[in-house]
Structures are given as structure tokens and as C-alpha cells.
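Single-structure report; data block below.
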Amino acid sequence: MEAKIKEVRALGLCSGGLDSMLSGLVLREQGIEIEWITFETPFFNAVKARKASKMTGVPLTVKPIFPVYLEMLKNPPAGYGKYMNPCMDCHTLMFKLAGDIMQERNFDFLFSGEVLGQRPMSQNKTSLRYVEKHSGFGGYILRPLSAKKLPETVPEKEGLVNRNLLMDIVGRSRKRQMELAEKFGIRDYPAPAGGCLLTDKNFSNRLKDLFEHQQTCTEAELHLLKHGRHFRLNRESKLIVGRTQKDNEKIIKYHNPQGDIVIDVKDYPSPIALIPNGGNKNLIFLAAAICIGYSKAPKLSPIDVQITSPSGKKVIKVIGIPPADVKKLMIK
Ligand code: SF4
């Protein structure tokens, strides 16, 4: 009997937060062999999960999922949360992808650190059921922290997991989790929530603007949404103006030299500005004028601005526009 229990293998979703760590450790404590998987997109990364894996010694698979995630994000069947966060369909997709790996690599079941009632929208019984049903792995998703308050799963019924050793945590209090963390010797863990840009108001506004104006977008364009000030110039074109040195570096890093136009004020300290996918002459003059407005160049006199486009470099003379005059174009 002892030998059989040791062979049970479970694959957990790991965000790197305390609850996902504890859900794995509760299973490991009863002799189940656990591994974690985490997913990467431009909206969230694996930094916290890698840290959790290092801290606990639980093996971690990191899987980039941008194309399939984008497809879901553009039209999530269960809709968005407060901002552009499609939490129900995001969880569903993650469990679906994890389930495929479970089958490929012969894990016995999936698990995650969700706690019933902790987040009113995404962690109530209806949403947990939605995720199970639509992921295609209903019955095989165990939530060790709330298991005793949820219907028995297949691995519990089959005796692969001892239900008596699982938890019955519900609600928003973190007290029980703190006690468990103490028991497992976990002292350094990230604050709950945070880490997903789709729950950020400003980022969501920029993303919404992009979806409204473009049929498709690249991963780099989504990374660009994180940096600088963004302006909507017309239906087809937008402008990004760096705010800090780091913004300027990221704009250069993620721009597409085959299609974008880079604007830089000559002879004066200035931000880098970018017109993704280029634009016509009038648009370039407007963009250059906005860029000058945010630079240290003198106002009211023509300034040399370097324009780098896929067809080469040139210098144009432009008079700046003060930032206050283009505020209405800003995507906030
Ligand atoms: S907060 Fe972000 S990562 Fe988490 S479920 Fe919602 S959309 Fe997915």
C-alpha cells in the first residue's frame, strides 16, 4: 500500500503565490510526487513561480503560450472581469494545457491553490465548476486547500489521495495559510494578487484600444503597451513616447525595424518616440512635434528631428507641440 501511494504523481498550476505553494506541499506531505507548471505571456511571467520552485525543490515547467492565449483573450466566452482580465477562461485554458501535459507525461491528476470564496468572482463554486467543465478535465482537478468543502474528485475516490489529509479552508482570511506556511517553513513569499497586467487599469485601456484598432497584433506590440506614454493619432496609427531611459530602451528593444518609425530629437535630450507600423508624412510631422514637446529642445523654433524608417534615415525640421495640447490624444 505504501509503495502504491509513492507512485502517485500530480501536476499543479503554480503562480508562485503562497496558496499555490501550499497546495503542492500539502500533497507532497502525504507522499504524492508533485511537479508544477506555469505559463508565460506578455501579461504575466514565471518569475515568482521560479522562485517558489527554487525555495521548495518542486520541479517546474515553464511554458510560453502567447498565440493560444491571445486567441482566448480577444473573445473570452465568460467575459472580462473589472478590466481586461478574462479570469475564468484564463484558468480554463491553463487547466486545459496542463491537462494535455498530464496525459502526455502520465500524471494522475491536476491541482491548484485556489481557495473557495477567496476571490468573489473567480473562486466561487460556480466559477470553479465552469473551469472544470470547459477545460475538459472535470473530476481531475483537485484544490487541496479547499478540498473538503468541494465535491470529491476522481483521485480521492480512487484512493490516490487521502481526503482526510486535505484542507477545508474557505474565505478571504489568510490565517490558516499563514499557519501552514509556518509549518512548512515558508517565510519568504510574495503578497497575494498582483503580477497580472490584465488586472491593471492603464494597461487594460491600452490593450482595449489596440484590440479596437487592429485585427491582429504581435507579442512585441503587447510588450510595448507596458512602456512610455501612448497616444491614439488616428484610426490606423498610434504613437509611443518614452518617459524614462528604461522606456526608451524597451521601445528600441521591442520595435519592428521592418515596419515601425523611430523618432529622436537631434542635439537635445529627448525621449524616443515610435510610430508602430509607420504612417504618412503628416503623421510623422505630428509625431515629431509631440516628441519635441517632451524633450528639452527650445519651444517655438524649428528643431532637427531624426526619423528612422524601414526605408532609411532622414532629418526633418519641426516646431514642437506642448504636452498640454495633446493630452486629449493620450490613451489613459
Ligand atoms: S488575474 Fe490574470 S493570470 Fe490570473 S486568472 Fe485572471 S487573467 Fe489569468
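Rule-based calculations on the coordinates, nothing more; no lab input. Note that the structure is a prediction, hence the values are computed from the model and not measured. For neighbour counting, all protein chains shown are included, and Cβ atoms are generated from backbone atoms with ideal geometry for every residue, glycine included.
Below, the figures for the structure above:
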item	result
Mean residue ellipticity (222 nm) of the chain, computed from DSSP H runs ≥ 4 via -39,500 (n - 2.57), nearest 500	-10500 deg cm²/dmol
Hz values of 3J(HN,Hα) by residue in segment 201-209 - Karplus curve (6.51, -1.76, 1.60), Gly and Pro given as x	4, 5, 4, 4, 4, 5, 5, 4, 4
Equivalent ellipsoid semi-axes - Cα gyration tensor, the chain, angstrom	49, 18, 17
Net +/- balance of residues flanking Arg105 in space, Cβ distance below 12 Å, scoring K and R +1, D and E -1	-4
Cβ charges +1 (Lys, Arg) and -1 (Asp, Glu), total dipole of the chain, debye	1160 debye
Neighbour-count ranking [beta-carbon atoms within 10 angstrom, fewest first] of Val154, Val241	Val154, Val241
Built amide H within the under 5 Å cut-off of Phe39, gap 5+	Lys63
Val68 paired with Ser173, simple spin-label distance in nm, labels 7 Å along Cα-to-beta-carbon	3.9 nm
Evaluated at q = 0.13, 0.20, 0.22, 0.23 Å⁻¹: base-10 log I(q)/I(0), Debye formula over Cα of segment 1-115	-0.51, -1.09, -1.26, -1.34
Percent antiparallel among DSSP beta bridges (both partners in the chain, rounded to 5)	60 percent
Residue order, fewest to most surrounding Cβ atoms within 10 angstrom, among Thr244, Thr216	Thr216, Thr244
Euclidean distance of C-alpha centroids, segment 204-235 and segment 52-121, integer Å	24 Å
Amide hydrogen neighbours beyond the local backbone of Leu142, cut-off 5 Å, H modeled	Leu110, Phe111, Ser112
Over segment 13-130, relative contact order from alpha-carbon pairs under 8 Å, at least 6 apart, %	27 percent
Candidates Leu27, Leu93, Leu150, ranked by Gaussian network fluctuation over the chain, Cα under 10 Å, top entry	Leu150
Cα principal axis extents for segment 44-184, largest first, Å	41, 33, 31
Under 11 Å, Cβ to Cβ, from Leu116 - net charge with Lys/Arg +1 and Asp/Glu -1	+4
The chain - percent relative contact order, Cα under 8 Å, separation 6 or more	13 percent
Residues Lys327 and Gln258, FRET efficiency given R0 of 41 Å [Cβ-Cβ distance, rounded to 0.05]	0.80
